[in-house]
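For reference, the structure is listed below as structure tokens.
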Amino acid sequence: MTRPNLQIALDHSDLPNALKDVKEVGDIVDILEVGTILCLQAGEEAIRCIRALYPNKKVVADTKCADAGGTVAANCRMAGADWMTVICCATVPTMSAAAKEIEEVQVELYGDWTYEQAQKWLDAGISQAIYHQSRDALLAGETWGEKDLVKVKRLIEMGFRVSVTGGLTVETLQLFEGIDVYTFITGRGITGAEKPKEAAQAFQDEIRRIWG
Ligand code: 5RP
């Protein structure tokens, strides 16, 4: 079992505040995400700035792309992103078109999806999935639990590298002990903390405590 990565999701509504936070925690985390909100507000410029600040880190554009996969992926790549996300209801041709233009595509699992669809993504060469509790589901009272662990484990068994995200706290991580999670993606757990740098370090310390 390998130690999971820690990914910061920059879901800021403006670029200056995103840059302020990423400069505090960029050296602590493993992967930098231009979050969906920031993509919509300042997409290309945000990717360019973060790539310039961290030339050696993986940068993900969380576009949650639903169509025009090839064009969106080429634009993200040219701005400096290594990976991008597509939404699980996108067609396989959209995902495949994106995958031709950028190093890796990650499928964001929201709402309804099936393991049959997931097998088709694998067959198309897409082997990263993001298991998500949406902000809105969490607001409606959802919590992380056994039902999520079952799905994460099955996706890993199928052959996916699975990232986990949505309202994660340091305390949530222990739920996943013994599971080969690829990456924990955290936004507000770090950026919403009084001291983001210490919060990012606390996530890394807990990952190291659990996964070694
Ligand atoms: C929302 C996202 C978020 O970037 C991700 O879930 C992390 O957010 P948070 O830790 O703040 O819940 O993809 O669609």
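The values are calculated or read from the model by the stated rules, or taken from the named source; none is laboratory data. Predicted model, so just to flag it, every value in this text is computed and none were measured. Note that we place each Cβ from the backbone using ideal geometry, even for glycine, and neighbour counts take in every protein chain shown. Just so you know, the surface numbers come from the protein's heavy atoms only, side chains and all, with ligands and any DNA or RNA stripped out. Shrake-Rupley method; radii C 1.70, N 1.55, O 1.52, S 1.80 Å.
A compact table of results
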item: Scan of the range 161-186 for residues that are over 15 Å from the mean Cα position of the chain (by Cα) and among the aromatic types (Phe, Trp, Tyr), ordered by number; result: Phe176
item: Qualifying residue in the range 95-102 (condition: closer than 23 Å to Leu38 by Cβ, within 16 Å of the ligand (Cβ to nearest atom) and acidic (Asp, Glu)); result: no
item: Residues of the range 131-148 satisfying the condition of being in contact with a helix residue (DSSP H, G or I) (Cβ under 7 Å, 6 or more places away or on another chain) and more than 23 Å from Trp83 (Cα to Cα); result: Trp144
item: Selection from the range 26-42 of residues that are of a type outside the set (A, V, I, L, M, F, W, C) and more than 16 Å from Asn5 (Cα to Cα); result: Gly35, Thr36, Gln41
item: Some residue of the range 135-142 being among the hydrophobic types (A, V, I, L, M, F, W, C), under 19 Å from the mean Cα position of the chain (by Cα), within 16 Å of the ligand (Cβ to nearest atom) and over 26 Å from Ala98 (Cα atoms); result: yes
item: The range 99-125 residues that are in contact (Cβ under 8 Å) with a residue 12 or more places away in the chain, paired with ones that are acidic (Asp, Glu) (beta carbon under 9 Å, 6 or more apart); result: Ile102/Asp82; Glu103/Asp82; Glu104/Asp82; Gln106/Asp62; Glu108/Asp62
item: Pair list, Cβ < 7 Å and 6+ apart or interchain, from the range 177-188 residues that are of a type outside the set (Asp, Glu) to residues that are assigned to a loop (DSSP other than H, G, I, E, B); result: Val181/Pro4; Tyr182/Pro4; Thr183/Pro4; Phe184/Pro4; Phe184/Leu168; Thr186/Leu168; Gly187/Asp11; Gly187/Gly35
item: Near pairs, Cβ below 7 angstrom, 6+ apart or cross-chain, from the range 13-35 (touching a residue at least 60 places away in the same chain (Cβ under 8 Å)) to any residue that is within 16 Å of the ligand (Cβ to nearest atom) and among the aromatic types (Phe, Trp, Tyr); result: none
item: Scope the range 184-201; condition in a helix (DSSP H, G or I) and within 7 Å of the ligand (Cβ to nearest atom); matching residues; result: Arg188, Gly189
item: Answer residue from the range 1-29, given it is in a loop (DSSP other than H, G, I, E, B) and among the β-branched types (Val, Ile, Thr) and is most open to solvent (accessible area, probe 1.4 Å) among those; result: Thr2
item: Some residue of the range 151-170 being within 14 Å of the ligand (Cβ to nearest atom) and among the aromatic types (Phe, Trp, Tyr); result: no
